[in-house]
Amino acid sequence: MKTKTGKIKATLVTAAVTGLAAGGIGILGAGTASAAPVSLTLNYTCPFPLIGTQQVTVKIDSDFPTSIAVGEASPAIVINTTSTVPETATQGLTLVGAKTIEGTALADSQVAAPGITLPVKVPAPIPSTPVPASGAFQVPATGNAPSLTFTQPGTATVTVGNILLTLSPKDANGNLTGLGTFESPCTLVPGQNTTLATFEITGSSPSPSQSPSPSQSPSPSQSPSPSESPSPSESPSPSQSPSPSESPSPSPSPTSSPTGGPGGVNYSYGLSGQTVIKAANGTVPLTGGIDANLDLASGNFTADLTLNPTSGSFKLLGFLPSSADIAFAPQGKATGSLKDGVLTANSKVAVKLPSIKLFGLGIAGGANCATSTPADINLKSTDPFFNPLSGGNVTGTYTLASLNNQCGFLGGIASIFMAGPGNTIALKLTPKS
């Protein structure tokens, strides 16, 4: 189970969850010249667990300098962002019991100035943000970008790129949900204006002996000394080697999470357990699987149930040894809901009895021997919170109808020892790889 959840984390409902991290976009430092407010709204596509790829809107606000002098190091600039998480993401987070979401964002941006094109990556924390019960919600975040210095006058342009989100949905007790901590590489929707700001670099170019080429100001852990900075002719372009402060861009990895089907999200489980047939005083092992499509908005699902043929041993009248081969034929799709962490399901199954033996001798059964009406099986989860990513346990009761008239000469007698109410079923659902 943990392994499957780990795969899901490596993808990823919540969701929507990931839209939060878009809040950490930082670009450039402001010089001593006057600053002007800038604002930009961008749409991203982000792959999430549970809900697949979703669109997240990020609004970026800041104050940028109108000009920066050549050779002047600009102080750090504060970038404020507001990410709008779609309602579908809220539904995915709620589904796994998430009450808050937090994490970090690593934003790509680029500063293009005379003589240099400088990639800049800026991490920003995503503060713990409450997840509402329903609807879209907004997540604020703030990032501080490193300072820059320029060596040639002209116009500089700041553009915004993709975002890598690392998110941790947590439950009411502050523990990670079944989603764990996951990454979501968000990419810009094509065709948008990605220019956040433009400004002028004023003054004249210093001689090579006076000043280093345009670069990011050194930080304790990442920048070289001024003598190590590249000259304008050596400045990296987007296709060349990264600047000292740049970390390699992560390659978007495919999401290993349930895939969305028409109107919902698909889940597949293996099942194992047992059923106790009360009248026959015996236990029958059960195996099979279930493929469900869950509508996140309503919490309702439909499913295809498979129960493998099995057999059981019984004590008729408490002491007569008997056995039966049993097969199952689901009648239509199973239906149910997953709401507030509780899974309920209903399935109608025809029960077939190819062979019924007493003291090892066949007394009834046949290819067409079955209960006269399908069993109406109602199931309910028993875990405190049913997590669709990790599966769980369900139990229920049902009634077996009398056997039809195609079970042989002694079929009527066999029916007495098989039919009746009070039969129980207990199953464990385990996500398929």
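Take the conditions closer than 14 Å to ILE277 by Cα and at pLDDT 85 or above and apply them to ALA345. Does it pass? Criteria not met by ALA345. With respect to (1) touching a helix residue (DSSP H, G or I) at 6+ places or on another chain (Cβ under 7 Å); (2) within 30 Å of ASN300 (Cβ to Cβ); (3) small (Gly, Ala, Ser), the lone exception for GLY396 is condition (1).
Under the condition of being surrounded by fewer than 17 Cβ atoms within 10 Å (Cβ to Cβ) and of a type in the set (Ser, Thr, Tyr), the residues counted in region 101-135 number 2. Residues of region 315-342 that are crowded, with 16+ Cβ neighbours inside 10 Å, farther than 19 Å from PRO388 by Cα and at pLDDT below 90: LEU316, SER322, SER323, ALA324.
Can you confirm whether PRO169 is modelled with pLDDT of 90 or more, buried (at least 24 other Cβ atoms within 10 Å of the Cβ) and either outside the structural domain of SER83 (by TED's automatic domain parsing) or not hydroxyl-bearing (Ser, Thr, Tyr) (or both)? For PRO169, the condition - modelled with pLDDT of 90 or more, buried (at least 24 other Cβ atoms within 10 Å of the Cβ) and either outside the structural domain of SER83 (by TED's automatic domain parsing) or not hydroxyl-bearing (Ser, Thr, Tyr) (or both) - is met. Condition first: in contact with a helix residue (DSSP H, G or I) (Cβ under 7 Å, 6 or more places away or on another chain) and assigned by TED's automatic domain parsing to the domain that holds SER415. Can you find one or more residues in region 270-283 that meet it? No, region 270-283 has no match at all. Inside region 299-339, residues that are under 22 Å from SER268 (Cα atoms) and among the aromatic types (Phe, Trp, Tyr) make up a count of 2. Within region 63-76, can one find any residue that is within 21 Å of GLN138 (Cβ to Cβ) and surrounded by 18 or more Cβ atoms within 10 Å (Cβ to Cβ)? No, there is no match, as no residue in region 63-76 is within 21 Å of GLN138 (Cβ to Cβ) and surrounded by 18 or more Cβ atoms within 10 Å (Cβ to Cβ). Only one of the listed residues (LEU28, LEU93, LEU40) is at pLDDT 50 or above and crowded, with 24+ Cβ neighbours inside 10 Å. That residue is LEU93.
Quick grid of which residues meet (1) over 24 Å from the mean Cα position of the chain (by Cα); (2) charged (D, E, K, R):
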site: LYS339; (1), (2): no, yes
site: THR344; (1), (2): no, no
site: SER347; (1), (2): yes, no
site: LYS352; (1), (2): yes, yes
site: SER355; (1), (2): yes, no
site: CYS369; (1), (2): yes, no
site: ASN378; (1), (2): yes, no
site: PRO384; (1), (2): no, no
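VAL58: more than 30 Å from THR202 (Cα to Cα) and in contact with a Gly (Cβ under 6 Å, 6 or more places away or on another chain), yes or no? It is false that VAL58 is more than 30 Å from THR202 (Cα to Cα) and in contact with a Gly (Cβ under 6 Å, 6 or more places away or on another chain). Among the numbered conditions (1) closer than 23 Å to PRO47 by Cα; (2) surrounded by fewer than 17 Cβ atoms within 10 Å (Cβ to Cβ), tell me where ALA141 comes up short. The single condition ALA141 does not satisfy is (2). Of the strands (runs of 3 or more DSSP E) lying entirely inside region 66-124, the ones with 3 or more residues being of a type outside the set (A, V, I, L, M) and under 34 Å from the mean Cα position of the chain (by Cα) are found at 78-85, 100-113. Filtering region 405-433 down to residues that are within 12 Å of SER372 (Cβ to Cβ) and surrounded by fewer than 16 Cβ atoms within 10 Å (Cβ to Cβ), which residue is modelled with the lowest pLDDT? The selected residue is GLY412. If GLY92 meets every condition in (1) in contact with a Lys or Arg (Cβ under 7 Å, 6 or more places away or on another chain); (2) under 21 Å from GLY174 (Cα atoms) apart from one, which number is that one? Going through (1) in contact with a Lys or Arg (Cβ under 7 Å, 6 or more places away or on another chain); (2) under 21 Å from GLY174 (Cα atoms) one by one, GLY92 breaks only (1).
The values are calculated or read from the model by the stated rules, or taken from the named source; none is laboratory data. If you're wondering where the values come from, they're calculated on a predicted model, not measured in any experiment. FYI the Cβ positions are ideal-geometry reconstructions off the backbone, even for glycines, and counts take in every protein chain you see.
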